[in-house]
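*Asks:* Take this structure, written in structure tokens, and hold onto it; I'll ask about it next.
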């Protein structure tokens, strides 16, 4: 399997991780701890790194407005310790994921096998050098339940790839806001309104990011990518695939086919649950380039 195919495979299982941020139980469980708005998101994803500061979270998450992050971090750690946040997250997901995926599929041999394949894949990652989110999550204990092992493996692989993606953005001269603006302009990421809201950028800040990309010849007057902008995004995605390839290098075609089949079931279940709003994404969402 080449790096491009590995990248597509990694993205195919990503909905299992992504849905964990949109579950209504997140607001309920973390609301009971005093957290609201985007605070649960920042807390659960950052908690494996410990009680880190807002500047650390903004640097590692990359595309969020640092001022937006500072509205939640470090205040979250006064409401619940990182260990408590992690325990709450995994306890909640253990119950909720079985409901979303269906009890029959959760107990199926297909899921157990996929969990074993992806756990082995995640454990084949060479190291956490230069990958702070992956390294922090890799120190967490593996859950016992197969469906949670599947989720944990997907999360490790996602963060491994995500850390590499950040490196690719930096290498190609895109700061966090410019990365987000160019991604939405490509149509393969969030819609502009959703990206602005979810990442905490004001209209003025967004417009400034657009203008910087225009001055570099990466965006046209209509807000779409120029040829140079498209080439830059391709370079970013190609490098992301290369940097994320190592864990997938030993996955054979049979196991790859099984992962694809399970990913199809997961994607259908997530779609049927209606947890991730369709208006959140651009017209070409899901396409690799």
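*Asks:* Taking the stated definitions as given, is residue 130 under 18 Å from the mean Cα position of the chain (by Cα), touching a residue at least 24 places away in the same chain (Cβ under 8 Å) and surrounded by 18 or more Cβ atoms within 10 Å (Cβ to Cβ)?
*Replies:* no
*Asks:* So, in region 110-127, of the ones that are part of a loop (DSSP other than H, G, I, E, B) and touching a residue at least 60 places away in the same chain (Cβ under 8 Å), which residue ends up nearest to the chain's Cα centre (by Cα)?
*Replies:* Residues of region 110-127 part of a loop (DSSP other than H, G, I, E, B): 124-127.
Checking which are touching a residue at least 60 places away in the same chain (Cβ under 8 Å) leaves us with 124-126.
Numbers: 124: 20, 125: 17, 126: 20 Å.
Residue satisfying both the conditions and the ranking: 125.
*Asks:* Still on this structure, please answer the following. If I go through region 137-166 residue by residue, how many of them are touching a residue at least 60 places away in the same chain (Cβ under 8 Å), surrounded by fewer than 24 Cβ atoms within 10 Å (Cβ to Cβ) and over 15 Å from the mean Cα position of the chain (by Cα)?
*Replies:* 2
*Asks:* Among the helices (runs of 4 or more DSSP H) lying completely within region 194-279, list those that include at least 3 residues that are in contact (Cβ under 8 Å) with a residue 24 or more places away in the chain and within 14 Å of residue 177 (Cβ to Cβ). Steps first, answer last, please.
*Replies:* Working: elements: 203-215, 227-243, 253-273.
Once the helices (runs of 4 or more DSSP H) in region 194-279 are filtered for at least 3 residues that are in contact (Cβ under 8 Å) with a residue 24 or more places away in the chain and within 14 Å of residue 177 (Cβ to Cβ), what remains is 203-215.
*Asks:* If you go through region 174-193 one residue at a time, how many are buried (at least 16 other Cβ atoms within 10 Å of the Cβ) and part of a helix (DSSP H, G or I)?
*Replies:* Total meeting the criteria: 12.
*Asks:* Given the residues 191, 202, which is the only one that is modelled with pLDDT of 95 or more and over 22 Å from residue 92 (Cα atoms)?
*Replies:* On the way: 191 fails: modelled with pLDDT of 95 or more.
Exactly one residue qualifies, and that residue is 202.
*Asks:* A follow-up question, please. Considering 45, 8, which residue is farther than 22 Å from residue 136 by Cβ, part of a helix (DSSP H, G or I), in contact (Cβ under 8 Å) with a residue 60 or more places away in the chain and under 16 Å from the mean Cα position of the chain (by Cα)?
*Replies:* Numbers: 45 fails: farther than 22 Å from residue 136 by Cβ.
Matching residue, one of 45, 8: 8.
The values are calculated or read from the model by the stated rules, or taken from the named source; none is laboratory data. Quick caveat, the model's predicted, so the values are computed rather than measured. Methodologically, a virtual Cβ is constructed for each residue, glycine included, from the backbone with ideal geometry; neighbour enumeration extends over all protein chains shown.
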